[in-house]
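Inspection log for the structure reproduced underneath, given as structure tokens.
Nothing in this text is a laboratory measurement; each read-out follows from the coordinates by a stated rule. These figures come from a predicted structure and were not determined experimentally. Cβ sites come from the backbone with ideal geometry, for glycine too, and all protein chains shown count toward neighbours.
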Amino acid sequence: MSCPIRTAICSLRRPLIPLILLQSAALPAAAQTGAPLGTWLTEKKSGIVEIYRCADSDALCGKLVWFKIKPDDPNPLGLDLKDPDPSRRNQPLCDMTFMWGFKPSDPNKWEDGSVYDPDDGKTYHANMRLRDDGALDLHGYIGISLIGRSEIWTRYKDLVPQCPGH
């Protein structure tokens, strides 16, 4: 490549090419770090959750934006029938914030959160972390985190279907 008039520009361009290639190779890894904001498909592919920043906080929250209702489901309207507060048992599960208070503890980890389980009406402590493969590991527990259950969610990139009952 000849560059008689723009010698200074040519000499700058050569060192930048390896730097640009190096930075572009690092993009997939960089895309995996940071907050897990966006939509996630649950492990059993029965729900889609939107994770977002809680109001007035750096903590993360999550709401159910779609879930599957089977034809023989005893709750065909998708209501929060197990809520410990009887006055809230007629509220729809769709758009319900059921995850809250996840505070960043490491670059890819959030702790001290709570998760409400509409299947049993109980609230559990929870942590979550972004895995190296880009999946989200949500771990709910009672008491100490060693005793609990994890679920692996995958990023949902399609258009979110309309929630049942809406």
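Backbone geometry of the range 84-91 corresponds, through the Karplus equation with coefficients 6.51, -1.76 and 1.60 at θ = phi - 60°, to 3J(HN,Hα) couplings of x, 9, x, 5, 9, 6, 9, 7 Hz, x marking Gly and Pro.
Counting only residues at least eight positions apart within a chain, or on another chain, the lysines with an alpha carbon under 22 Å from that of Lys44 are Lys63, Lys68, Lys70, Lys82, Lys122, Lys157. When each of the peptides 136-146, 151-161 is scored by the mean number of other C-beta atoms lying within 10 Å of its residues, the order from highest to lowest reads 136-146, 151-161. Close amide H partners of Ala59, meaning residues 5 or more places away or on another chain with modelled amide H under 5 Å apart, are Cys54. Relative contact order of the range 38-155: 20 percent, from C-alpha pairs under 8 Å at least 6 residues apart in sequence.
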